[in-house]
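The values are calculated or read from the model by the stated rules, or taken from the named source; none is laboratory data. Not measured: the values here are computed from a predicted model. For neighbour counting, all protein chains shown are included, and Cβ atoms are generated from backbone atoms with ideal geometry for every residue, glycine included.
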Amino acid sequence: MSSRASSVSAAPARPGKARIALWDNARFVLIVLVVIGHVISTVRTDSVLAFDLYVYIYLFHMPAMILLSGLFSRAETSPKAIRSTIQLFATWGLWEGIWAVIHLLADGKAPGERFLVSPAWTLWFLVTLATMRIVLPYIAMLRRPLLFSIVVALVSGLSPAVGTEFSASRTLIFLPFFVAGWLIKERAWLDGNWFAWPSVFLRTAAWIVLGGVALVILLVPGLREMWRIDRWLTWRDDYARLFERAPLGEWHPTQWGDIALGGAAVTAGLLGLAAVMIFAILVVVPRAHGIATVWGARTLYVYLLHAPIVWGLRTTGVIDRIGDLGILGLILLVLIGVGIGLLLSMTWVTRVFRPVIEPDFGRLLQRSPA
C-alpha cells in the first residue's frame with residue numbers, strides 16, 4: 001500500500017532492485033485478489049465454482065497482505081514510526097466519516113452506537129495494522145515472538161468477547177503473519193539467491209502447491225454443503241459460534257473442552273495452510289521490474305477506493321444480475337474485479353484522490369528531528 005500510510009508499500013531499505021520488484025509485484029497480485037474476493041463475495045454461494053474460488057482466495061490473501069506489512073515494520077517507537085501509526089489512524093478516521101456520509105446519503109442511516117467501534121467493512125485492515133505496529137516493539141522483546149503470536153492467535157477464538165470491535169479478532173488471528181514478516185527481515189530468513197532467484201525446482205514445487213490446493217477444493221464433493229469454511233475464513237467469530245454456524249460435516253462439538261481443542265486445531269490447520277500458500281506465492285511472483293511493480297506501490301488507493309465501487313455494484317443489484325448468468329457471470333465478475341484493480345492503480349487516481357488516501361496531518365504533529 002502507499003508508503004505514507006502503510007509500510008506495506010514502502011520500498012525495502014536493503015539494496016537490490018529484484019527484491020524491491022518482488023514485494024511490489026506481490027502486493028499488486030494480492031490487491032487484485034482482494035478486489036475479486038469482494039466482488040464475488042455476495043454471490044459465492046450461488047454456485048460451486050464461485051464458492052471454491054472465494055475459499056481459495058480467502059485462504060491466504062489477507063494473511064499475505066499482513067505478512068508484507070510486517071516485513072517493512074520496525075520494532076521501535078521512533079518519532080517516524082509513531083507518525084506513521086498516527087497517519088494510519090487518521091486515514092481510518094477519515095474513511096469512517098466517508099462511509100458514514102455514503103450510508104447517510106444512500107440509506108438515510110446516521111452513524112449508530114457502533115460507529116468507530118466496529119470498523120466499516122474494509123477499514124478493519126487499517127485498525128489491525130496500526131494496532132500491530134503498536135504492540136510489535138513489546139512482542140519483539142520476547143525470546144520466542146513468533147511462538148507467542150501463534151499461541152495468542154489460537155487462544156483468541158476461545159472467547160466471544162474477542163469480536164469485531166476495533167478489529168480485535170482479526171488482529172489477534174493474523175498477528176503471527178505480521179510477526180513472521182518482521183522476523184523475515186530481522187533475521188534474514190529469505191535472504192540469498194535461493195529466494196531472490198528461485199530454481200526451476202522450487203518454482204515448480206510452488207506451482208504444485210498452489211495448484212494442488214485449488215484441485216483439492218474443486219474435487220471435494222459437496223464442500224459448500226459439508227463445511228461452510230468461508231465463515232471460518234472471515235475470522236470474526238469465536239470457536240463456539242463457528243462450530244454452530246459452520247460445523248465440519250457431522251462434527252459439531254458442544255462441550256467447552258472439545259470446542260476449544262477442535263477450534264484451535266482447525267485454526268492451526270488453516271493458518272498453517274495459509275503460510276505454505278503465501279510462501280508459494282512469493283516464490284512464483286515475478287522478480288523483474290514491470291508495470292505491475294509500479295502498480296504495486298499504490299495498493300492503498302486500490303484497497304480503500306474499490307470498496308465504495310463494489311458496494312455500489314452490490315446495492316444496485318449489478319453483481320447479483322451478473323452472477324445469475326452462471327459460469328459466464330462468474331468470469332465476468334472476476335474480470336470486473338481485475339478491471340477495478342487496474343483502473344485504481346492508474347497514476348491519475350493517486351493525483352486525484354491523494355487528499356483522502358494519504359491526508360497530510362503533518363501540521364498537527366510536532367516536527368520530529370531529522
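General observations
- Pairs, first touching a residue at least 60 places away in the same chain (Cβ under 8 Å) in the range 157-177, second among the aromatic types (F, W, Y), C-beta under 8 Å, six or more apart: G157/Y239; L158/Y239; T164/W124; S169/W235; R170/W124; R170/W235; I173/W235; F174/W235
- The one condition from (1) touching a helix residue (DSSP H, G or I) at 6+ places or on another chain (Cβ under 6 Å); (2) not in a helix (DSSP H, G or I) that M141 does not meet is (1).
- Flag for A274 being at pLDDT below 95 and surrounded by 21 or more Cβ atoms within 10 Å (Cβ to Cβ): no
- Considered as a group, the residues in the range 60-87 that are β-branched (V, I, T) and at pLDDT below 95 include one that is nearest to G211 (Cα to Cα), and that residue is T85.
- Hits in the range 126-138 (condition: under 20 Å from A64 (Cα atoms) and surrounded by fewer than 19 Cβ atoms within 10 Å (Cβ to Cβ)): I134, V135
- For V101: the one exception among (1) among the β-branched types (V, I, T); (2) in contact (Cβ under 8 Å) with a residue 40 or more places away in the chain; (3) more than 15 Å from H306 (Cβ to Cβ): (2)
- Residue within the range 28-36 that is in a helix (DSSP H, G or I), at pLDDT below 95 and either surrounded by 19 or more Cβ atoms within 10 Å (Cβ to Cβ) or at positive phi (or both) present: no
- Selection count, the range 151-162, where residues are buried (at least 16 other Cβ atoms within 10 Å of the Cβ) and outside any helix (DSSP H, G or I): 3
- Residues satisfying the stated conditions in the range 209-258, i.e. within 30 Å of V283 (Cβ to Cβ) and touching a Pro at 6+ places or on another chain (Cβ under 8 Å): W227
- Residue within the range 142-150 that is under 19 Å from R236 (Cα atoms) and either touching a Gly at 6+ places or on another chain (Cβ under 8 Å) or free of Cβ contacts under 8 Å to residues at least 24 places away in the same chain (or both) present: no
- Of residues in the range 179-236 being of a type in the set (D, E) and without any contact (Cβ under 8 Å) to a residue 24 or more places away in the chain, the one nearest to A275 (Cα to Cα): D191
- The set of residues in the range 70-92 that are of a type in the set (S, T, N, Q) and closer than 27 Å to T42 by Cβ contains only T91.
- Condition broken by A288, with the remaining ones in (1) modelled with pLDDT of 95 or more; (2) at negative phi satisfied: (1)
- Condition met for T77 (in a helix (DSSP H, G or I) and β-branched (V, I, T)): no
Yes/no matrix, rows are residues, columns are (1) under 23 Å from the mean Cα position of the chain (by Cα); (2) over 23 Å from A268 (Cα atoms); (3) polar (S, T, N, Q):
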{"site": "E113", "(1), (2), (3)": "no, yes, no"}
{"site": "A130", "(1), (2), (3)": "yes, yes, no"}
{"site": "F148", "(1), (2), (3)": "yes, no, no"}
{"site": "V155", "(1), (2), (3)": "yes, no, no"}
{"site": "F174", "(1), (2), (3)": "yes, no, no"}
{"site": "A180", "(1), (2), (3)": "yes, no, no"}
{"site": "N193", "(1), (2), (3)": "no, yes, yes"}
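- Being among the hydrophobic types (A, V, I, L, M, F, W, C), modelled with pLDDT under 95 and either surrounded by fewer than 17 Cβ atoms within 10 Å (Cβ to Cβ) or not in a loop (DSSP other than H, G, I, E, B) (or both) is a property that A90 has.
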